[in-house]
Amino acid sequence: MEYYSKQISKLIESFASLPGIGTKTATRLAFHVIHMPKEEVDTFANNLTSARENVKFCKECYTLTDSELCPICADANRDHSTIMVVENTKDLAAYEKTGKYTGVYHVLHGAISPMLGIGPEDIKLKELIKRLEGDIKEVIIATNSSLEGETTAMYISKLIKPIGVKVSRIASGVPVGGDLEYIDEVTLMRALEGRTEL
Ligand code: ZN
């Protein structure tokens, strides 16, 4: 990378540090930014820092939001006694897009993976159990159908059952190993409607 000036190299390195961006793409992006109008670059940079500074966990469901409570948890018309457990905020968004789910969510921010050394204490599981002290009728486990997602689902159901709250798992209409965010809305709705009690 010594062919470029230090500033350009640093910018390329920054882009290349992002997931899915190789050196070639990083270089293209860096040169694109250098040729952008200064105001546009300022807005872009500002969006980065501002999102990083102001986006936080919803204190109820732990999704990423910019207020204390996310709009879903703050909505009195949602059914707060049904909690759908998802792996991340993108999965939550996928279910929200169907427009059919009226309950609330719990975002784990990951899944249990012994292989990657991710244990139950590394995801927002304690926080879920704490929520069950309230008036909760059902917990719907909507983790991905990957090995990690299934392991997590099994772990959660074992943890919740003794508490006496109904636990269900979304139907396996979702392809194995399929990331929830890439699955179409109809399939998601079918998976939700066809859920089975664990
Ligand atoms: Zn929330």
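For segment 17-36, which residues satisfy the criterion of being part of a loop (DSSP other than H, G, I, E, B) and either under 26 Å from the mean Cα position of the chain (by Cα) or outside the structural domain of GLN7 (by TED's automatic domain parsing) (or both)?
Of everything in segment 17-36, those that are part of a loop (DSSP other than H, G, I, E, B) and either under 26 Å from the mean Cα position of the chain (by Cα) or outside the structural domain of GLN7 (by TED's automatic domain parsing) (or both) turn out to be SER17, LEU18, PRO19, GLY20, ILE21, GLY22.
If I go through segment 59-79 residue by residue, how many of them are crowded, with 18+ Cβ neighbours inside 10 Å and either in contact (Cβ under 8 Å) with a residue 24 or more places away in the chain or of a type in the set (Gly, Ala, Ser) (or both)?
So the answer is 6.
Listed residues GLU39, GLU60, GLU53; which is within 12 Å of the ligand (Cβ to nearest atom) and out of contact with any strand residue (DSSP E or B) (no Cβ under 6 Å at 6 or more places or on another chain)?
Exactly one of GLU39, GLU60, GLU53 is within 12 Å of the ligand (Cβ to nearest atom) and out of contact with any strand residue (DSSP E or B) (no Cβ under 6 Å at 6 or more places or on another chain), namely GLU60.
Hey, any hits in segment 116-125 for a residue that's of a type in the set (Val, Ile, Thr), assigned to a helix (DSSP H, G or I) and surrounded by 14 or more Cβ atoms within 10 Å (Cβ to Cβ)?
no
Just name the residue that is farthest from LYS158 (Cα to Cα) out of those in segment 84-132 that are under 15 Å from the mean Cα position of the chain (by Cα) and aromatic (Phe, Trp, Tyr).
Looking at residues that are under 15 Å from the mean Cα position of the chain (by Cα) and aromatic (Phe, Trp, Tyr), I get TYR95.
Determine if segment 110-124 includes at least one residue that is among the hydroxyl-bearing types (Ser, Thr, Tyr) and closer than 23 Å to CYS70 by Cβ.
No, the conditions are met nowhere in segment 110-124.
The values are calculated or read from the model by the stated rules, or taken from the named source; none is laboratory data. As the structure is a prediction and not an experimental result, all values here were calculated from the model. Positions of Cβ are backbone-derived with ideal geometry, glycine not excepted, and every protein chain shown enters the neighbour counts.
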